[in-house]
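To start, the structure itself, in structure tokens.
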Amino acid sequence: MKHVGRLLNTAICLMPLAASPNAAHPNTDKAHQQSYGKFYKLPFPLQYGRSGHSTDVLEDGRILVAGGAWAELGGENRAEIFDLRRGTTRTLSLPMSTLRSAAAHVRRADGRLMFIGGASDYESALRSSDVYDTKTNTFAAGADMIRDRSGHSAIALADGRIIVIGGTDGTYFHDSIEIWDPRSGKFQEIDSLLTTPRAFHSAILIGEKTIAVIGGESGPSLADPERSSEFLDSIEFLDIATLTTSQFERTMINPRVYHSSTLLADGRILIAGGLKAPARNSESLEILDVGKRTLQDAGSLLHRRALHTLTRLTDGTFLVAGGIEDGQPLKDSEICSFVSSSSLNCSKGARMSMTRWMHSANLLPDGKVLFVGGLSNMPEAGRKTAGPLQTIEIFSP
């Protein structure tokens with residue numbers, strides 16, 4: 001299976017055939033009788049099931065859901081908007097320019113949303129982009145990248161530029177970096193390369209000075225077609241001023257693919273979970289301090305998770321939800337909070353209505369968290385088979 005298919009068809013790649021959807025789990029229902037917060041499913045579903053999609057809260061409070069994998073297509077070009085206040089969903093009349101799943105998406109300096117690369121089906125990576133105008137609710141084809149990319153990352157800078165890092169074209173892993181310039185409206189590759197070709201990593205911008213590129217997977221590249229595949233425990237930095245890369249001298253506790261990373265208020269980065277080997281996940285938490293050049297063990301999740309979501313709540317705690325644990329899909333959540341400046345403690349949270357991975361989670365203005373779509377091993381009501389989900393649910397702290 002090609003590397004693009006690994007991301008889009010994760011249900012096949014991460015769930016061992018011996019894993020039963022109803023297998024017992026150490027965290028039983030009894031253990032969840034007392035838990036933090038509550039999930040409730042909204043009565044109006046999406047019109048299309050989606051996984052690997054993009055979800056954005058628009059300025060007027062409506063929600064845009066775009067792209068993602070659906071049914072046998074592998075990619076979806078239709079987008080829909082739902083209104084939480086009115087309880088309505090509608091499909092936009094003008095679709096994206098192509099079927100698109102697992103795109104990197106950013107908000108441009110002009111307020112428009114840009115969806116970059118991804119895959120059109122279970123094998124074909126894209127170099128195209130789409131631009132969504134939040135005022136007219138329409139999509140238009142954007143600039144093409146130099147290379148086909150899926151499993152990449154994209155970062156929008158304050159000066160309007162967008163940096164696209166790594167990824168895979170389905171055969172080779174990229175060590176290249178591209179920049180979209182609003183003045184020319186075009187992508188251009190920079191001279192500096194990543195120290196390690198990588199995809200399915202995370203990338204975090206710190207103070208408009210540095211981008212930390214964390215973990216991911218590496219393998220054959222254009223420069224080294226014989227390179228062995230491996231999950232990465234390494235971190236590297238891209239200096240924005242000089243556009244040069246450097247490898248961090250320390251490595252993480254374990255390799256991480258499909259992990260989560262989030263920027264803390266003090267500029268440090270919290271790194272959680274991830275796949276450390278095929279069908280083996282990590283429960284570890286680490287904190288990266290780029291300024292002090294430190295990487296510290298910060299505790300453990302209750303579950304070993306990959307393809308989960310991590311959301312910082314308004315009270316400063318973190319909601320970790322869903323994902324897969326060593327091949328077993330999860331509907332559990334947990335709440336993690338700092339007990340010291342460099343250590344977190346996690347406690348049981350409420351359970352979602354469905355097992356869910358490759359979903360999206362967005363913090364809403366009222367402090368609640370919106371969960372949309374994802375994959376599940378549980379068929380939704382009215383459907384005979386499991387697949388990309390149409391359900392929407394809300395977490396209320």
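The values are calculated or read from the model by the stated rules, or taken from the named source; none is laboratory data. In this text, all values refer to a predicted model and were calculated from it rather than measured experimentally. Note: ideal-geometry Cβ built from the backbone for every residue, glycine included; neighbour counts use all protein chains shown. Ligands, DNA and RNA are excluded from the accessible area calculation, which covers all protein heavy atoms including side chains. Shrake-Rupley method; radii C 1.70, N 1.55, O 1.52, S 1.80 Å.
Global dimensions of the range 52-153 from alpha-carbon coordinates: Rg and Dmax equal 13.0, 42 Å. Put one equal scatterer on each alpha carbon of the range 261-397, apply the Debye formula with no solvent term, and list log10 I(q)/I(0) at q = 0.15, 0.20, 0.21, 0.22 1/Å to two decimals. Rounded to two decimals, the profile gives -0.72, -1.19, -1.28, -1.36. Ligands, DNA and RNA left out, the accessible area of the range 199-358 computed with a 1.4 Å probe is 47% carbon and sulfur. Of all the options Asp181, Asp169, Asp315, the one that moves most in a Gaussian network model of the chain with Cα springs shorter than 10 angstrom is Asp315.
Using C-alpha pairs below 8 Å separated by at least 6 residues, the relative contact order for the range 36-186 is 15 percent. Each label point was placed 7 Å from the Cα along the Cα-to-Cβ direction; for Arg280 and Thr314 their separation is 4.3 nm. Of Lys209/Lys276; Lys276/Lys368; Lys41/Lys348; Lys209/Lys292; Lys331/Lys368, which sit over 26 Å apart, Cα to Cα? Pairs exceeding the cut-off: Lys209/Lys276; Lys276/Lys368. Per-residue ellipticity at 222 nm computed for the chain from its helices equals -500 deg cm²/dmol, with DSSP H segments shorter than 4 residues left out and the rest contributing -39,500 (n - 2.57).
At 37 °C and 0.692 mPa s, grab the translational diffusion coefficient of the chain from Stokes-Einstein with a Kirkwood Rh over Cα pairs, rounded to a whole number in µm² per second. The estimated diffusion coefficient comes to 156 µm²/s. At full extension, Asn137 and Ala223 could sit 26.8 nm farther apart than now, given 0.36 nm per residue minus the alpha carbon distance. Spatially, the range 236-276 and the range 279-335 are offset by 14 Å when compared through their Cα centroids. Per residue, the accessible area of the chain comes to 41 Å² when a 1.4 Å probe rolls over the protein heavy atoms. For Leu193, neighbours were defined as the other residues whose beta-carbon sits under 15 Å from its Cβ, and their charges (Lys and Arg +1, Asp and Glu -1) total -3.
Look at the alpha carbon pairs under 8 Å that are at least 6 residues apart: their mean separation over the length of the chain gives a relative contact order of 14 percent.
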